[in-house]
1. All but one of (1) in a strand (DSSP E or B); (2) more than 30 Å from Gln13 (Cα to Cα); (3) hydroxyl-bearing (Ser, Thr, Tyr) hold for Tyr94; state the number of the condition that does not hold.
2. I need a count of the residues in the stretch 56-107 that are of a type in the set (Ser, Thr, Tyr), open to solvent by 40 Å² or more (accessible area, probe 1.4 Å) and farther than 22 Å from Arg30 by Cβ.
3. Of all residues in the stretch 1-44 being in a strand (DSSP E or B) and among the β-branched types (Val, Ile, Thr), which is most open to solvent (accessible area, probe 1.4 Å)?
4. Would you be able to say whether some residue in the stretch 45-55 is in contact (Cβ under 8 Å) with a residue 60 or more places away in the chain and assigned to a strand (DSSP E or B)?
5. I'd like to verify a number: residues in the stretch 67-99 that are in contact (Cβ under 8 Å) with a residue 60 or more places away in the chain, touching a Leu at 6+ places or on another chain (Cβ under 9 Å) and not polar (S, T, N, Q), how many?
Amino acid sequence: QVQLVESGGGLVQAGGSLRLSCAASGLTFRTYVMGWFRQAPGKEREFVAAISWSGTRTDYGESVKGRFTISRDNAKNTAYLQMSSLKSEDMAVYYCAAYMYAAWGTENRIPSSYKYWGQGTQVTVSS
């Protein structure tokens, strides 16, 4: 019943921009923390960004801070990841995830905290 569907991935040149979307269904979207993670083949899943249900709190991984922006539109049940100044090291499959809000903290950076996951969308950066 619960589904998260990512879209917006594709090929972009280094230095370019891309916006990913995550459409949620089957859950009360407003009550969930939304997160973005990424994973390259053979690598551990890496935290990218998270946003509270109200959108007033955000957190970013050090490697993307200042370049990526997470946002959400609760009326549309959609979360976004705006990526700019893309680098080769940003190339990965990007996953949207959600978990029920309890308290904002470092748990937002941990993949096991998230109950629901999308199927992922590929971001390829050319140089």
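The values are calculated or read from the model by the stated rules, or taken from the named source; none is laboratory data. Keep in mind the model is a prediction, meaning the values are calculated, not measured. Methodologically, a virtual Cβ is constructed for each residue, glycine included, from the backbone with ideal geometry; neighbour enumeration extends over all protein chains shown. Calculation scope for accessible area: heavy atoms of the full protein, side chains included, ligands and nucleic acids excluded. Shrake-Rupley method; radii C 1.70, N 1.55, O 1.52, S 1.80 Å.
1. Among (1) in a strand (DSSP E or B); (2) more than 30 Å from Gln13 (Cα to Cα); (3) hydroxyl-bearing (Ser, Thr, Tyr), Tyr94 violates only (2).
2. Number of matching residues: 4.
3. Selected residue: Val5.
4. Step one: list which residues in the stretch 45-55 are in contact (Cβ under 8 Å) with a residue 60 or more places away in the chain, which gives 45, 47.
Subset that is assigned to a strand (DSSP E or B): 47.
Yes, the stretch 45-55 has at least one match.
5. Final tally of qualifying residues: 9.
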